């Protein structure tokens, strides 16, 4: 409805100049404002959550889970190995990526085409991973993780599935 009518006109609006600060903001004002917003937007602590209605607790629980998943996704995307696009090759027997190398742990080497290197590894006892570079397929042995791959322009690396 609005304000009750008192017979007096409403007060004039406050001039904008009076609302603005008279001194320049500190260099950290923006950061302080962001931190303040973060504090205001933060989720309630678990003790406060317990006092909430069940539907609100469920919402807060789901929201916490969503935040955790988002943080995990960002962490995975920031991982250096995410730069490699791992594909399946050699009849589904190996994973491979372009411009990468698994350094060391050489088992044996063959002169071959790049597209044959993964199959050689899959058919060779003891081969767990490989790197092909400039016509040579380096079959490798021992435990390996995708995260062990390093950037090497022009090479192809992979591991058995």
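The values are calculated or read from the model by the stated rules, or taken from the named source; none is laboratory data. Owing to the predicted nature of the structure, the values given are computational and were not obtained by experimental measurement. Cβ sites come from the backbone with ideal geometry, for glycine too, and all protein chains shown count toward neighbours.
Of all residues in region 134-151, which are assigned to a strand (DSSP E or B) and more than 15 Å from residue 105 (Cβ to Cβ)? Steps first, answer last, please.
Going residue by residue through region 134-151, those that are assigned to a strand (DSSP E or B) are 136-140, 150-151.
Across region 134-151, the qualifying residues are 136, 151.
Only one entry of 114, 119 meets the criterion of being at pLDDT below 95 and crowded, with 16+ Cβ neighbours inside 10 Å, and that entry is 114. In region 108-127, the residues that are more than 18 Å from residue 92 (Cα to Cα) reach residues that are in a helix (DSSP H, G or I) with C-beta atoms within less than 7 angstrom, at least six apart or across chains, in these pairs: 110/120; 112/120. Before we move on, is residue 92 at pLDDT 95 or above, within 21 Å of residue 144 (Cβ to Cβ) and loosely packed, with under 11 Cβ neighbours inside 10 Å? Taking the combined requirement at face value, the residue satisfies it.
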